[in-house]
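The values are calculated or read from the model by the stated rules, or taken from the named source; none is laboratory data. The shown structure was predicted, so the numbers you read here are calculated from the model rather than taken from an experiment. Note that each Cβ is placed from the backbone with ideal geometry, even for glycine, and that neighbours are counted across all protein chains shown. The accessibility values were calculated without ligands, DNA or RNA, using every heavy atom of the protein model including side chains. Shrake-Rupley method; radii C 1.70, N 1.55, O 1.52, S 1.80 Å.
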Amino acid sequence: MTRHSLKTFIWPTVCGILLGICILAYLPGQRDNDYTYAVEHAAPAVANIYTTKVVEQRHPLADDPLFKHFFSRNGRVKQQLERSLGSGVIVSDAGYLLTNYHVIKGADEILVLLHDGRQALASVIGSDADTDLAVLKIDLDNLTSISIGDPGKIHVGNIVLAIGNPYGFGQTVTQGIVSAIGRYGLGLSQFENFIQTDAAINPGNSGGALIDTKGRLLGINTAIYTQSGGSTGIGLAIPTDLALRTMSDLISYGRPLRGWLGIEVQPVGVGTNGVVITALATSGPAEKAGLKIGDVLININGEQVGDGHAGMKLITYTRPGERVKIALLRGEEQLTIETEVSMRPSS
């Protein structure tokens, strides 16, 4: 190949490669540090929530024998409106929203303000204090629901965005990384399996969306771990799979359907697999199946129970009526017992 023909071949190739790089650099969602694509797709599905409730205030001296004659019968109790704010995520074109239970707890009126400026009063379809989740319903046309991501595929270090209504400022977006997954034992709710992020989350963000860089919902922002009340770089979100499962149950049955064995357990040791049964519910599934206090559970349906959290989560996620196989140690004897999971009693 001559020098002239070589130049004729190389230059179009180089120019083509450079042009391709430039095109890719300006495609939506393709640049590493530009999350415009994600926000444009997710933001219309994130709503601001404003709640109002009537609270009664009673004067502390109204019933005091020395002062009660100074208060009229009607003056002892004073009613006033208490307002609070939060966020919610539209997860269905039919008008269903996910938010936190603590956002709407005790509210007499719930106003939902959409990204496009429309607003509507919401009704509460159901709530679950054990996961701090609630399902709302609004009646508006042409709603934009959020795309659903898979929290099971996220890894520590993944970029995430939090969208919500902090301090009532209006819709706000913050960016961070996944700091940890599967956080529990924080005492924030009965069933904890949080995604931890350092994206700034502040009061008012509760019930908002935690999304990936493609605008897909990974979790419902729920809490910040703080002593000052402001963001400290530790935000917690309920994974989408748990939130959607709870929502589906609340819509269909009015309550979450959770499995229950009727046992209390403690880890056998730090960093070891296995839990020892410390208590049994009378006539519960475990007692009926022959489990005993002192039995050490090793695995359930072939999955290790870990320090107890993994095993109890597996039982909780098992539908009532389904059967599970439990491998355990009783003294030096290894046994496998099969039992049917019951409905978890109401709190």
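A few remarks follow.
- Just one of the listed residues (ASP116, ASP93, ASP130, ASP139) is out of contact with any strand residue (DSSP E or B) (no Cβ under 8 Å at 6 or more places or on another chain) and more than 21 Å from LEU217 (Cα to Cα), and it is ASP130.
- Candidate set: region 261-282, residues that are over 29 Å from the mean Cα position of the chain (by Cα) and at pLDDT below 90; chosen: the one least open to solvent (accessible area, probe 1.4 Å): GLY269
- ILE163 within 20 Å of VAL39 (Cα to Cα), touching an Asp or Glu at 6+ places or on another chain (Cβ under 9 Å) and among the hydrophobic types (A, V, I, L, M, F, W, C): no
- LYS313, sole failed condition from (1) within 19 Å of GLY182 (Cβ to Cβ); (2) part of a loop (DSSP other than H, G, I, E, B); (3) of a type in the set (Lys, Arg): (2)
- Count of region 240-260 residues which are open to solvent by 10 Å² or more (accessible area, probe 1.4 Å) and in a strand (DSSP E or B): 1
- Residue pairs meeting the criteria (Cβ under 7 Å; at least 6 apart or on separate chains; first of a type outside the set (Gly, Ala, Ser), in region 158-171; second assigned to a helix (DSSP H, G or I)): LEU161/ALA38; LEU161/VAL39; ILE163/ALA42; ILE163/ALA43; GLN171/ALA43
- For region 224-236, the count of residues that are assigned to a loop (DSSP other than H, G, I, E, B), open to solvent by 50 Å² or more (accessible area, probe 1.4 Å) and modelled with pLDDT of 90 or more is zero.
- Only a single item in (1) among the charged types (D, E, K, R); (2) under 23 Å from ILE224 (Cα atoms); (3) in contact with a Gly (Cβ under 9 Å, 6 or more places away or on another chain) is not met by ASP132, and it is number (3).
- Selection from region 328-347 of residues that are of a type outside the set (Asp, Glu) and either in contact with a helix residue (DSSP H, G or I) (Cβ under 8 Å, 6 or more places away or on another chain) or buried (at least 19 other Cβ atoms within 10 Å of the Cβ) (or both): LEU328, ILE337, THR339, VAL341, SER342, ARG344
- Of the criteria (1) within 17 Å of ARG216 (Cα to Cα); (2) open to solvent by 40 Å² or more (accessible area, probe 1.4 Å); (3) not hydroxyl-bearing (Ser, Thr, Tyr), which one LEU186 fails: (1)
- Residues of region 189-217 classified as open to solvent by less than 20 Å² (accessible area, probe 1.4 Å) and either part of a strand (DSSP E or B) or among the hydrophobic types (A, V, I, L, M, F, W, C) (or both), total: 9
- Only listed residue being outside any strand (DSSP E or B) and closer than 26 Å to ILE110 by Cβ, chosen from LEU143, LEU136: LEU143
Residue by residue, here is whether (1) touching a residue at least 12 places away in the same chain (Cβ under 8 Å); (2) more than 28 Å from PHE194 (Cβ to Cβ); (3) of a type outside the set (A, V, I, L, M) holds:
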site: LEU244; (1), (2), (3): yes, no, no
site: ARG255; (1), (2), (3): yes, no, yes
site: ASN273; (1), (2), (3): yes, no, yes
site: ARG319; (1), (2), (3): yes, no, yes
site: ARG323; (1), (2), (3): yes, yes, yes
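- Within region 79-100, considering residues that are of a type outside the set (S, T, N, Q) and farther than 12 Å from GLY208 by Cα, the one most open to solvent (accessible area, probe 1.4 Å): ARG83
- Residues in region 111-133 that are surrounded by 15 or more Cβ atoms within 10 Å (Cβ to Cβ) and outside any strand (DSSP E or B): LEU114, HIS115, ALA122, ASP130, THR131, ASP132.
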